Amino acid sequence: MTNSLTLRRPDDWHLHLRDGEMLAAVAAFSGHFGRAIIMPNLVPPVVTGAQAASYRDRILAALPPEVTLRPLMTLYLTEATDPADLVAAHRDGIITAVKLYPAGATTNSASGVTNFDKVRPVLEAMAEAGIPLCTHGEVTDPAVDIFDREAVFIDKVLDPIRRATPGLRVVMEHITTSDGVDYVSGQSDMGATITTHHLVINRNHILVGGIRPHYYCLPVAKRESHRLALRKAATSGDPRFFLGTDSAPHPDRAKESACGCAGCFTAPNTMSILAHVFEEDGALDKLEGFTSLNGPAFYGLPANEDMIRLVKRETPATYPTHIPAGDETVTVFDPGFPLYWHVEDHA
């Protein structure tokens with residue numbers, strides 16, 4: 001039995017760091033990662049190259065000196081996005097990708113896209129410049145059941161966008177269904193991120209025995225058959241699938257309310273959880289690909305040169321259950337099982 005693993009330092013290809021006091025509170029918890037794609041859904045959203053550069057500077061200022069996380073910035077796609085500014089920001093190394101939120105799909109997505117015809121010039125400019133599009137893969141039509149919104153997005157939005165924009169490189173983020181797995185598996189020019197929490201929970205964890213708001217996320221966790229499809233994809237070694245935690249901190253006050261926020265804060269314990277999942281599925285040899293190799297390959301970046309070490313011990317690893325954020329607290333995701341895999345920052 002393997003009791004230790006040495007991996008290239010992992011990257012997080014979908015991360016929420018927020019801003020202000022919350023940024024200062026959570027940023028260091030992503031310190032095991034070498035790089036992270038930073039989500040732009042602030043209030044107001046990050047929509048220009050100048051705003052992305054400013055946000056990057058605030059993130060770097062919030063990181064302790066010993067944390068070497070490199071933020072990879074994104075722009076929030078709107079119907080008013082300037083293609084020239086976007087392309088210039090990518091050319092100058094300010095942004096790595098662009099994020100598509102269908103309007104109203106998730107937290108702070110009101111400025112997202114409603115009429116996809118209006119963003120076609122931007123998508124065409126992105127395809128020509130080689131700028132990846134990261135998609136929140138859900139439709140927002142109130143007539144579509146929340147558990148079906150990912151599958152409908154593939155048919156009604158994603159596939160038409162890709163057909164209309166040849167050469168556009170697309171990441172379908174935080175896939176939650178076998179439909180998402182099947183679609184990405186059939187493509188040669190796109191990737192998909194899978195979160196830590198969607199490998200662990202299904203919709204029963206949110207609803208059975210009482211509502212558990214700290215398991216509520218968007219896209220919402222689906223039935224068990226979909227969770228198993230995600231695990232099979234993540235542990236398969238298929239290079240189209242890679243880690244994007246979608247770690248999304250919210251104050252407990254906002255999560256535990258009459259209209260609770262969507263998001264799971266998984267940054268502190270993600271690597272321990274993933275080691276548990278991959279060991280359980282007999283795929284520890286595939287963990288490095290999922291966390292450290294597949295994402296850089298898709299984005300055309302080198303894998304990190306430095307390493308981390310995971311060690312399985314008889315005593316569970318200890319993580320905080322809550323962290324302070326100004327006058328608020330944030331609950332750390334609880335996988336529901338002890339975590340015997342400990343992360344050592346340097347091999």
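In whole percent, how big is the carbon plus sulfur part of the accessible area of segment 1-96, probe 1.4 Å, protein atoms only? Walk me through the intermediate numbers first.
On the way: 2100 of 3810 Å².
That fraction is 55 percent.
Counting pairs of alpha carbon atoms under 8 Å apart in space and at least six apart in sequence, what relative contact order in percent does segment 25-137 give? Don't skip to the end; give the middle numbers.
Values: 183 pairs, mean separation 30.3, N = 113.
Reported as a whole number, the value is 27 percent.
Charge dipole (Cα centre; +1 on Lys/Arg Cβ, -1 on Asp/Glu Cβ; no other charges) of segment 239-293 amounts to roughly 260 debye. Based on protein heavy atoms only, the chain ends up with 40 Å² per residue of surface accessible to a 1.4 Å probe. Every pair of different Cα atoms in segment 291-331 enters the Kirkwood calculation, which places the hydrodynamic radius at 14.2 Å. Considering all C-alpha pairs of segment 20-68, those separated by over 17 Å amount to 32%. The amide H of Cys264, built 1.01 Å from its N in the peptide plane, has Ala248 as neighbours under 5 Å, considering only residues 5 or more places off or on other chains.
Once divided by 2.2 N^0.38 Å, the Cα radius of gyration of segment 168-311 becomes 1.06. Each Lys and Arg contributes +1 and each Asp and Glu -1, all at the Cβ; summed about the Cα centre of the chain, the dipole is approximately 180 debye. Derived scalar couplings between HN and Hα for segment 247-252 equal 4, 9, x, 9, x, 4 Hz in order, rounded to whole Hz, by the Karplus curve 6.51 cos²θ - 1.76 cosθ + 1.60 (θ = phi - 60°), x for Gly and Pro. Averaging the Cα positions of each part gives two centres, and for segment 140-218 and segment 1-74 these lie 23 Å apart. Relative contact order, whole percent, for segment 211-347 stands at 29, derived from Cα pairs under 8 Å and 6 or more residues apart.
Taking amide H as placed 1.01 Å from N in the peptide plane, the amide H of Ala36 sits under 5 Å from that of Asp12, Arg70, Leu72, each at least 5 places away or on another chain. Mind checking the angle between helix 120-129 and the chain's longest principal axis? C-alpha axes, 0 to 90 degrees, to the nearest 10. Tilt of helix 120-129: around 70 degrees. Under a 5 Å amide H cut-off, with hydrogens placed 1.01 Å from N, Ala325 pairs with Val330 among residues at least 5 apart or on other chains.
Since only Thr195, Leu75, His322 are under comparison, the one whose Cα sits farthest along the positive direction of the charge dipole of the chain, derived from C-beta charges on Lys, Arg, Asp and Glu, is Thr195. Taking Ala103, Ala143, Ala127 in turn, the Gaussian network model of the chain (Cα-Cα springs below 10 Å) assigns the largest fluctuation to Ala143. Would you mind classifying the chain by shape? Square roots of the alpha carbon gyration tensor eigenvalues, ordered a ≥ b ≥ c; an a/c under 1.5 is rounded, otherwise it is prolate if a/b is larger than b/c and oblate if not. Rounded shape, in that the Cα axes give a/c under 1.5. Couplings for segment 142-152, taken from phi via the Karplus curve 6.51 cos²θ - 1.76 cosθ + 1.60 with θ = phi - 60°, read x, 7, 9, 4, 4, 7, 9, 5, 6, 4, 5 Hz in order; Gly and Pro are left as x.
Express the relative contact order of the chain as a whole percentage, based on alpha carbon pairs under 8 Å and six or more residues apart in sequence. Please list the in-between numbers first.
Working: 719 pairs, mean separation 66.5, N = 347.
In percent, rounded to a whole number, it is 19.
Under the simplified labelling scheme, the Asp141-Arg313 pair shows an inter-label distance of 5.3 nm, with each label point 7 Å from Cα along Cα→Cβ.
Tell me which GluC sites (Glu not before Pro) from segment 1-103 have a DSSP coil assignment and no more than 13 other beta carbons within 10 Å of their own.
Working: sites: Glu21, Glu66, Glu79; in loops: Glu66, Glu79.
Those satisfying the criteria are Glu66.
Here the accessible area is traced with a 1.4 Å probe on the protein chains. For segment 180-329, carbon and sulfur cover 52 percent of it. Among the lysines of the chain, pairs that are 8 or more positions apart or on different chains and have alpha carbons within less than 24 Å of each other number 10. Taking the longest Cα principal axis of the chain as reference, the axis of helix 224-234 is set at about 90 degrees. Here the Gaussian network model covers the chain, with springs between Cα atoms less than 10 Å apart; of Gly34, Gly20, Gly336, Gly336 fluctuates the most. The separation of segment 313-343 from segment 233-281, counted between C-alpha centres, amounts to 13 Å. The 3J(HN,Hα) values that the Karplus relation (6.51, -1.76, 1.60; θ = phi - 60°) gives for segment 2-17 are, in residue order, 6, 10, 8, 9, 10, 10, 3, 4, x, 10, 10, 8, 6, 9, 9, 10 Hz. Gly and Pro appear as x.
The values are calculated or read from the model by the stated rules, or taken from the named source; none is laboratory data. The structure presented is a predicted model; accordingly, all values stated were derived computationally and were not measured. Methodologically, a virtual Cβ is constructed for each residue, glycine included, from the backbone with ideal geometry; neighbour enumeration extends over all protein chains shown. The protein model used for the area step is the full one, side chains on, heavy atoms only, and it has no ligands, DNA or RNA in it. Shrake-Rupley method; radii C 1.70, N 1.55, O 1.52, S 1.80 Å.
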